[in-house]
Structure formats: C-alpha cells, structure tokens
Amino acid sequence: MKRILLSAGMIAVVGALAFGGTIAFYNDTETSSGNVFVAGAIDLKVDHTYASYNGEECVGVCTETGSNLILNDGFENPEPVANGGQWEVYPAGIPNWSVVSGAGIEIQEGGVAGAPHGGDQLVELDSHGSGSQTTMQQVINTVPGQKYRLKFWHSPRPANGPDTDNAIQLNILVTSTSGTIVNSTIGQPSFSGSGTVWTEYTYNFIALDTQTSIRFSDAGSHADTLGGYLDDVSVRELSCTPDTYQNGGICALWNEQDLGQGDIFWNFPDIKPGDHGTTTLSLHVYDNDAFVCLLPDNIVDDENTVVDPETTAGDGPTVGPTPLYGELSGELEFFMWKDVNGNNAFDLTEQVLLNAGTPFNQIQTELVQLSLTSPAPISLVGISWCAGDQTGPTTANSNISLACDGNGMGNIAQTDKMLADFVAYAEQQRNNEGFSCEAVDLENL
C-alpha cells in the first residue's frame, strides 16, 4: 500500500513540474488581414428622352454620327450556292443575323426575282419550307439613353399580290425586360409591278439597355414563299441640338448624364390656358439600390406685372404671402407614371406615381417614390402637365383618360412667371424602411 501511495505522490510531483516548464504545445493561427469599411455611394444619372408641347414633339436637328452598328447590313454574306447560286434559304441564320422563328432567311442573288437596292443580294422573309414566314434579328450594343436612327429599304416582290402580302413587320426590342421601343408594320399597301420599287424607312429611338435587338418579321397575309424584300439596314447614333416649338418655348433632349447648368426640362415663355405637354425622363442608379424622387425646389412665383383681368379676379401687388407673389405654380397641374414600355403615353398596366391634377407646388406631398435597382435597366418616368384643370389616372383609379381643360386656369395667373428647380433625388434602400418623398428635406442635404 505504501508503494502505491508513493507512486501516486511521485506522479503528482511530476505533474506539477510539467505545468511549470517550457514545453511547446501544438498550435495553429488563422488571420483575416486587411479588414476595411468603405462608405457606399449612390450615383444617379438622368436622360431627357422625349418632350412635346401641345402635341408637337421636340425633335431638334439630329445628325447621324459614327459607323453603322449593323453588320452584314446589305446581306452580301454568304453568297447562295443552291438553286444555281440564285437563291438559298439559311435555317440557322447568316453571319450577324439569327433566325428567331420560321423556315429561315432567304437570300436572293443578282436580281433573280427583282433587283436589290444596293450590292448584289437582298433578303426575302417569306422564304421556303414549313413555316415560311420568318423572323430574324441582330443584337447590337447600345448606350442606355442614347438616341439612335434605324434606316432600311423595303420593296414589294415584283408581281406579287395582294398588296398586303408584301408587308414586313418591323420590331425594335430591348433584350432586357424594359420593353418594346418601336412596333410598326410597313409595306401596306404596296405593289411593284414587274420590278422592285424601293422605299426607305426611318425610325428614331432611345435605347433602354446596353443591348438592343433589331428584328424584322414577315407580316404578309399569305405564307406562300412570296413576300416583301429587305435591304441595306443601318443603325447610327444621333447628336441632336435644341429645338424651338411653333408656339414658343425651347426644348432640348440629352443622354445619360449628371445634370448641370442649362439642363432644363421646361422653358415656356408664353403659356396659355389649355396648353399641355409631356416629358419622358430616364433614371439610372449605380453602386447601390435606391429610392428616387422627382421633386420641385426653389419655387419662385413672380407676379411679374398686374394687368386689369388679374385685378378683377382679386389679384394685386400685395395679395399673397409676399409682395408681388404670383400664382402660376398652383395653376399648372401634373401627372406622372412609370413608362415601362417607353411609348411616352400612360397604359393601364403601368404604375401611377403622381395623381393627375396635382399642382406643381404640391408634387412633393403626393409623389410615390420609385425603387431603382443598380445598375440599369433604367426606369422611364412620364410626366404630363396642363395649364388648367387636369383630369386622368390616379392611384385609386387608373382607368381615366388624361385630359386638360384650360377653363380651370383663371385670370389671376395672367402674366405670372414661375421659376423652379426640378430635382432628381436618390437615397439608399438598405436599412431605410418607411422612406417617403414627402419627408425629403432638400434644403438641408
């Protein structure tokens, strides 16, 4: 028993020595180096893509710039081998052009059934085989907000009728979910007799995304392998200068940019009751998802001068919160919506952002904010204004036609002048529940 106890004591002593020594234990270290917190950013850019005044569109003087974005524009590649080298159908498409549906792209060589517009070859979209009516497309790289011009030449197939069988349906489609920019049918009625008769068609459009699909479809009334001809397609960027409306006023359209001095949406020196207009903006947010508001700021209502009709209506130099206070900002009424398909008109499926009939000076209290995702696709906002009583869609009832009644604008606003800023304001979405445009304090940003 002592022996055992002694052994136990020795063990205890050895244990004490081990705890007090310098023995190296196994170990491992993992280090996360370079931890950084960087403040995020919101970068908002705005285009002015469309404007009209009393039905007259802002066009400006637009000049084509740069090279043709369409490749194989005259369909000179490939050269047919089948059918004696006179024509051939390509079910899988041709260089730079793909088949969306139908039997394939038919290329004709050397005027076998009508002379091309340029070069030696042309395309017929009512080709041969099952499902002869064909749709083809080319996808090009574009800049969101940039204005482009599409041009192409069309001819009826010689001696082919009825006239409606020579149509080509034209679609320009963005490749994201942003929607259809142009949807048009051409070639009705048309009949060229014994030879081709070429007509040039032109469409200006604003790109909504970084890629745009240029699509042509046969829309003839008969799938009989005989249809309209297509040749010499081009898409080029446009550079446009400001325009002047017939009734006065200056308009300018611009591409995606940060707004600066001179970037003015509305510039009208002679508004009359019943005048109306439409503006379409595109908004782009980068770096972070954001809520976006379009808000008036720094509104200055100037009485300008007081004429007799104003005095009769109860106006005068001292009427209002300050001397020479005008009333125009309360007489101009606005409507805003999310223009999903980019057609510059409200459609029933689109979101109402501001009820029709909202005075300009009350926009901030009524506007529904947009939720934008970074980066593009962009969001298009349509804005319609009226000098008078505006009626139309609301968040409660969107099925009301937009109308402007000038009788609602009284003499009290004669000669008045309003100056104002129109601010596109973006604020982060993350950790920002309950955001509203009404709560934005533009004076203390």
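Go through the residues of segment 391-398 one by one and say whether even a single one is free of Cβ contacts under 8 Å to residues at least 60 places away in the same chain and either under 27 Å from N255 (Cα atoms) or touching a Pro at 6+ places or on another chain (Cβ under 7 Å) (or both). Walk me through it before giving the result.
So the first thing to find is which residues in segment 391-398 are free of Cβ contacts under 8 Å to residues at least 60 places away in the same chain, and the list is 391-398.
Keeping just the survivors that are either under 27 Å from N255 (Cα atoms) or touching a Pro at 6+ places or on another chain (Cβ under 7 Å) (or both) gives none.
The answer is no, given that none of the residues of segment 391-398 is free of Cβ contacts under 8 Å to residues at least 60 places away in the same chain and either under 27 Å from N255 (Cα atoms) or touching a Pro at 6+ places or on another chain (Cβ under 7 Å) (or both).
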Determine which member of the set L324, L332 is of a type in the set (A, V, I, L, M), touching a helix residue (DSSP H, G or I) at 6+ places or on another chain (Cβ under 7 Å) and either modelled with pLDDT of 95 or more or surrounded by 15 or more Cβ atoms within 10 Å (Cβ to Cβ) (or both).
-> L332
Among the residues of segment 409-425, is any farther than 30 Å from Q146 by Cα, buried (at least 21 other Cβ atoms within 10 Å of the Cβ) and in contact with a Cys (Cβ under 8 Å, 6 or more places away or on another chain)?
-> no
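Taking into account only those residues within segment 263-275 that are out of contact with any helix residue (DSSP H, G or I) (no Cβ under 9 Å at 6 or more places or on another chain) and in contact (Cβ under 8 Å) with a residue 24 or more places away in the chain, which is farthest from F360 (Cα to Cα)? Write out each step before concluding.
We begin by selecting, within segment 263-275, every residue out of contact with any helix residue (DSSP H, G or I) (no Cβ under 9 Å at 6 or more places or on another chain); these are 263-270.
Narrowing further to those that are in contact (Cβ under 8 Å) with a residue 24 or more places away in the chain: 263, 265-266, 268.
On the way: D263: 19, F265: 14, W266: 13, F268: 15 Å.
Among those residues, the one meeting the criterion is D263.
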Which residue, of G55, G102, G93, is in the same structural domain as D232 (by TED's automatic domain parsing) and either surrounded by fewer than 21 Cβ atoms within 10 Å (Cβ to Cβ) or on the phi < 0 side of the Ramachandran plot (or both)?
-> G93
Among (1) touching a strand residue (DSSP E or B) at 6+ places or on another chain (Cβ under 6 Å); (2) at pLDDT 90 or above; (3) surrounded by fewer than 21 Cβ atoms within 10 Å (Cβ to Cβ), where does F346 come up short?
-> (3)
Pairs returned, first residue in segment 123-147 that is over 12 Å from D224 (Cα atoms) and outside the structural domain of E79 (by TED's automatic domain parsing), second residue that is modelled with pLDDT under 90 and assigned to a loop (DSSP other than H, G, I, E, B), beta-carbon separation under 9 angstrom, 6 or more apart or interchain, are none
Does at least one position in segment 141-149 carry a residue that is out of contact with any Asp or Glu (no Cβ under 9 Å at 6 or more places or on another chain) and within 30 Å of H48 (Cα to Cα)?
-> yes
Applying the selection to segment 428-445, what residues are exposed (fewer than 10 other Cβ atoms within 10 Å of the Cβ) and in a helix (DSSP H, G or I)?
-> E443, N444
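Checking the condition of a type in the set (A, V, I, L, M) and at pLDDT 75 or above, which residue from I181, I186, I168 passes?
Details: I181 fails: at pLDDT 75 or above; I168 fails: at pLDDT 75 or above.
Testing whether each residue is of a type in the set (A, V, I, L, M) and at pLDDT 75 or above leaves just I186.
To keep it simple, each residue is scored yes or no on (1) part of a loop (DSSP other than H, G, I, E, B); (2) under 24 Å from the mean Cα position of the chain (by Cα); (3) at pLDDT 90 or above.
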position: G34; (1), (2), (3): yes, no, no
position: Y50; (1), (2), (3): no, yes, no
position: V59; (1), (2), (3): yes, yes, no
position: S67; (1), (2), (3): yes, yes, yes
position: G74; (1), (2), (3): yes, no, yes
position: P80; (1), (2), (3): yes, no, yes
position: Q108; (1), (2), (3): no, no, yes
What is the one condition in (1) of a type in the set (D, E); (2) touching a Ser or Thr at 6+ places or on another chain (Cβ under 8 Å); (3) at pLDDT 90 or above; (4) surrounded by fewer than 20 Cβ atoms within 10 Å (Cβ to Cβ) that D120 does not satisfy?
-> (2)
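Output the number of residues of segment 376-427 satisfying the condition of being under 20 Å from A290 (Cα atoms) and assigned to a strand (DSSP E or B). Let's see the steps before the verdict.
Looking only at segment 376-427, we keep the residues that are under 20 Å from A290 (Cα atoms), and these are 376-382, 422-427.
From the residues that got through so far, the ones that are assigned to a strand (DSSP E or B) too are 379-382, 422-427.
Counting residues in segment 376-427 that are under 20 Å from A290 (Cα atoms) and assigned to a strand (DSSP E or B) gives 10.
Among D232, D302, D218, which is out of contact with any Cys (no Cβ under 6 Å at 6 or more places or on another chain), charged (D, E, K, R), in the same structural domain as N432 (by TED's automatic domain parsing) and surrounded by 14 or more Cβ atoms within 10 Å (Cβ to Cβ)? Lay out the reasoning, then the answer.
On the way: D232 fails: in the same structural domain as N432 (by TED's automatic domain parsing); D218 fails: in the same structural domain as N432 (by TED's automatic domain parsing).
Being out of contact with any Cys (no Cβ under 6 Å at 6 or more places or on another chain), charged (D, E, K, R), in the same structural domain as N432 (by TED's automatic domain parsing) and surrounded by 14 or more Cβ atoms within 10 Å (Cβ to Cβ) holds for just one of D232, D302, D218, which is D302.
The values are calculated or read from the model by the stated rules, or taken from the named source; none is laboratory data. The structure presented is a predicted model; accordingly, all values stated were derived computationally and were not measured. Positions of Cβ are backbone-derived with ideal geometry, glycine not excepted, and every protein chain shown enters the neighbour counts.
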